[in-house]
Structures are given as structure tokens and as C-alpha cells.
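The values are calculated or read from the model by the stated rules, or taken from the named source; none is laboratory data. As the structure is a prediction and not an experimental result, all values here were calculated from the model. Cβ placement follows ideal geometry from the backbone for every residue including glycine, while neighbour counts extend to all protein chains displayed.
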């Protein structure tokens, strides 16, 4: 079996395209119903607040689903867990489409979250397997932006379909089922197992291709022992400060943007804005613009920070490459070593959070003040853009740091960050509405901005201080 790092560029791009399609649906599919809750509430004779909680359980189970997937990914390979979770999720969405009551619908949506989160976990080990260490930040930036932009594109598309189908929410979910079917087809056509070990060698044939989808021959690891070992490793890593503190930072930074995503329709449909369905759905593209802005920042910053380090510490080698050395190191098994400057530290990636955190905090203030004083909706859009820029860019920086810090545990690292992220997104729905009613939007979003800044000094700064001392 050829080392995935030696695959042709075309093959890598096709595998990555299949990964992108399923990653986009992970959060995008989970928040798909955010613009449909009013219609569903009217159909099932429940309150809008109660109807909107159908998203909460699925968001929570996304975190647990990622954790459960880690031992399976390591024992059976990336492809079978990725493929079968996508198939199961497709049928869960189909079940939600055919549901005739809120409780049945919520059950299928919860299971959608449990199984549908796998692309958000398997993406990092696939990137680790296929690309060189110097390419990791760039590919993480693309992959991370894709699944993080989903929560804004998904509800917008769902709202457009709802309006075009004359308020038939099941038509919108039927379209989501079709998207999952298309994504599953891409995995069948272009997905390949990326786990590599020199001792593995089986012919490239249709039979081996089918076997790989069922986890046969992907690894030669003892299954039960691997499941037990990876579970223990996962639990140990969760509580290690170099991952625990960035994880808490991720939870804080995700909590408030997701709060905006789940409540923005309530504000837009109320005075003074009185948006219709299409207008409210279109407003979500402010979130998309913010996410893409975060991608652009991460793209340039991750290249700049490493090149800046080389210029200051290794001026003679900053622009040199050694292809022969690169080839020899590529031929080695994935031992977890990374081919970066000897003076480079993973913690340097965390310098990528300073500017985004400032944008996130300032965006929350702008958003809150606009609502508090009933100003023009442009203020909401501008604040939301800044918030999402901060959310995406900080996540990319933290994920790149975590992969370089623990390169041999890429699957566990991805699942842990995903768990913290979904914990923040799940929790905010249970307290933000009452908090706003009690204290007002201006106070609430001001406090949220203060929490974001305080979280930076409590979580990220200690990591960098400890790294400097070492």
C-alpha cells in the first residue's frame, strides 16, 4: 500500500473533496432546521422556544459521537468509520423528514448529531496521513473553515427551500437527505483508506476497495487491544493542560457565536426589523462572510508566523528545501515526528488568536449595542462578521497547535477539540434567552465579550508562558 503522502495531487484532492462535502454537512446539516422551527411549531401546536430545542440534543451528541469514534477509527481505519457513519446519518435525516411528531423528529435529529459528527473528527487524521507537516496548517484552515461555515449556509438554504415550497419543512429536509446521499456517493467514488504502515501491502483491486469500506485489511492492529488502548489514551489526553486549556478556550469562543446563530431569527422577525423568511435566511450570509474572512486571516498568518520564525532563527535556510531529505523522511512510518525547524514550538501557532479574539469581542459588543438601541440591521451584520472571523481564526490556530503538539494522536486531538466546541454550542441555548430577558441584550453581549477576553488570559496565556519557561 502506497504511503498516502506519495499519492498524486489529483488523488489527494479527490479524497479531500469527499471529506469537504461530508464536513460541510456535519454542522450545516445539524443547524439546517434553525429557520424551520416556527413552521414546525405551528404544525405540531407547540411553542417556538420548545420547537427550537430539537437542535440542542443533536448538538450535544456531536461531542459524544466524536469521542466514541476515536477508538474505532484507530482500530479499523479512517474510511469505514467515515463511510458508514455518513450512511447512517443519511437514514437518520430521512427519518426526520418522515416524522409526524416533535418527539419522533427530535429523536432522529439527535441520532443525526451522534453519527454525523464523524467528518469533524476523521478530517484531522486524514490531513495528517496525506500531507507534510508544513502543509498541515493550510489544509486544516480549508477543512476547518468548511465545517465551521456550515451552520450559516445550512439554515440559509433551508429557509430558501421553505419559502419556495410554501412553508413545507419536510421538503427542505428531503433536500438535506439528498445532499447526504450525494456526499455518501462521493465517499464511495473517491474515498480511500489513508492509514499507512509499511507492513501493510495488498493489491489495488475492486475486492480490496470493497474490503476497505468494511474495515478489512486497513490495519493489522489487534482490534480489542487497540480499542482499549485508544480509549485510555483519549481519557488521558483530555485532562492534559496543553489540550485542556485550549479546549476550554474553544468552548468559550464557540458558545457566543452559536448563541447568535440559534437566536438571530427571533430578533430579525421582531420589531424594528420584521424580516420575512427570505430576508432572515439571507442575513446568515453575514456569518458566511465572517467565516471566510477568518479563513483568509488563518491562511496568511500560518504561513507568515513560520516564515517569520525561520528568518529570525535560521536566516540561511529560510528559503531552502532539501528534496532528498524530504523523500527519506516521507518513507518512514507515521511515528509522530514532524519535519519543522528544531527551534520551532507548536505554541507559536497560538499567536494567531490575538487579533481574532479582539475581533470576536468587539463584534459581540457591536451586535449587542445594535440590538439594544434598535439600530439598522447593518450593525447586526457587521458585528456577526467580526464574531465569526474571530471564531474561525482562533479555531484554526488552536487546532494547528494541537496537531503539532500531539502529532501521533491526531484522531484523539480532533475529537477532544470537537467535544469542547459542541459543549459550548449546546449549553448556550439553555440560558441565553432567559439571560437576555432578565438583563437585556446590551448587558448580555457586553459580558460575553468580557468573558472571551478573560478566557484568553486564563487559557492561552498560561500555555505560552509555560512553553517559554521550558
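Of these, 360, 369, which one is in contact with a helix residue (DSSP H, G or I) (Cβ under 7 Å, 6 or more places away or on another chain), surrounded by fewer than 18 Cβ atoms within 10 Å (Cβ to Cβ), closer than 20 Å to residue 447 by Cβ and at pLDDT 95 or above?
369
Would you confirm, using the coordinates I've provided, whether residue 187 is touching a helix residue (DSSP H, G or I) at 6+ places or on another chain (Cβ under 7 Å), within 19 Å of residue 92 (Cα to Cα), surrounded by fewer than 17 Cβ atoms within 10 Å (Cβ to Cβ) and modelled with pLDDT of 90 or more?
The answer is no for residue 187.
Could you list all residues from segment 22-38 that are surrounded by 21 or more Cβ atoms within 10 Å (Cβ to Cβ), in a helix (DSSP H, G or I) and over 13 Å from the mean Cα position of the chain (by Cα)?
32, 33, 34, 35, 37, listed by residue number.
What number of residues within segment 96-113 satisfy the criterion of being farther than 19 Å from residue 34 by Cβ and in contact with a helix residue (DSSP H, G or I) (Cβ under 7 Å, 6 or more places away or on another chain)?
Residues meeting the conditions: 1.
For the condition assigned to a helix (DSSP H, G or I) and more than 30 Å from residue 7 (Cα to Cα), what is the one hit in 187, 171?
171
When you go through 126, 140 one by one, which is the residue that is in contact with a helix residue (DSSP H, G or I) (Cβ under 9 Å, 6 or more places away or on another chain), crowded, with 22+ Cβ neighbours inside 10 Å and at pLDDT below 90?
140
Please list, ordered by residue number, the helices (runs of 4 or more DSSP H) wholly in segment 197-286 having 3 or more residues that are within 28 Å of residue 446 (Cα to Cα) and touching a helix residue (DSSP H, G or I) at 6+ places or on another chain (Cβ under 7 Å).
241-268, 277-283
Give the residues of segment 226-265 that are at pLDDT below 90 and farther than 30 Å from residue 461 by Cα, sorted by residue number.
The answer is 226, 262, 263, 264, 265.
Being assigned to a helix (DSSP H, G or I) and surrounded by fewer than 24 Cβ atoms within 10 Å (Cβ to Cβ) narrows it down to one residue among 93, 104; which is it?
That would be 104, the only listed residue that is assigned to a helix (DSSP H, G or I) and surrounded by fewer than 24 Cβ atoms within 10 Å (Cβ to Cβ).
Note down all Cβ pairs under 7 Å where the first residue falls in segment 250-262 and is closer than 19 Å to residue 53 by Cβ, the second is not in a helix (DSSP H, G or I), and they're at least six residues apart or on different chains.
Listed by first residue and then by second, the contacts come to 261/31.
Consider only pairs whose beta carbons are under 7 Å apart and that are at least six residues apart or on different chains; among these, list those whose first residue lies in segment 96-123 and is touching a residue at least 24 places away in the same chain (Cβ under 8 Å) and on the phi > 0 side of the Ramachandran plot and whose second residue is surrounded by fewer than 21 Cβ atoms within 10 Å (Cβ to Cβ) and part of a helix (DSSP H, G or I).
none
Go through segment 41-69 and give me each residue that's farther than 19 Å from residue 99 by Cβ and either surrounded by fewer than 19 Cβ atoms within 10 Å (Cβ to Cβ) or at pLDDT 90 or above (or both).
If the condition is that a residue be farther than 19 Å from residue 99 by Cβ and either surrounded by fewer than 19 Cβ atoms within 10 Å (Cβ to Cβ) or at pLDDT 90 or above (or both), then 49, 62, 64, 65, 66, 67, 68, 69 are the ones that fit.
Looking at segment 387-406 only, could you name the residues that are in a helix (DSSP H, G or I) and either surrounded by fewer than 24 Cβ atoms within 10 Å (Cβ to Cβ) or touching a strand residue (DSSP E or B) at 6+ places or on another chain (Cβ under 6 Å) (or both)?
Scanning segment 387-406 gives 404, 405.
Filter segment 288-315 down to residues that are in contact with a helix residue (DSSP H, G or I) (Cβ under 8 Å, 6 or more places away or on another chain), surrounded by 17 or more Cβ atoms within 10 Å (Cβ to Cβ) and under 18 Å from residue 344 (Cα atoms), then give me how many there are.
Looking only at that region, the number is 5.
So in segment 272-287, with the set limited to residues that are over 16 Å from residue 156 (Cβ atoms) and in contact (Cβ under 8 Å) with a residue 60 or more places away in the chain, which one is surrounded by the fewest Cβ atoms within 10 Å (Cβ to Cβ)?
Taking the candidates together, the pick is 272.
Restricting to segment 230-250, name every residue that is closer than 15 Å to residue 67 by Cβ and surrounded by fewer than 22 Cβ atoms within 10 Å (Cβ to Cβ).
Residues satisfying the conditions are 230, 231, 232, 233, 234, 235, 236, 237, 238, 239, 244.
Taking segment 422-470 on its own, how many of its residues are farther than 18 Å from residue 254 by Cα and either under 22 Å from the mean Cα position of the chain (by Cα) or not in a helix (DSSP H, G or I) (or both)?
Matching residues across segment 422-470 total 2.
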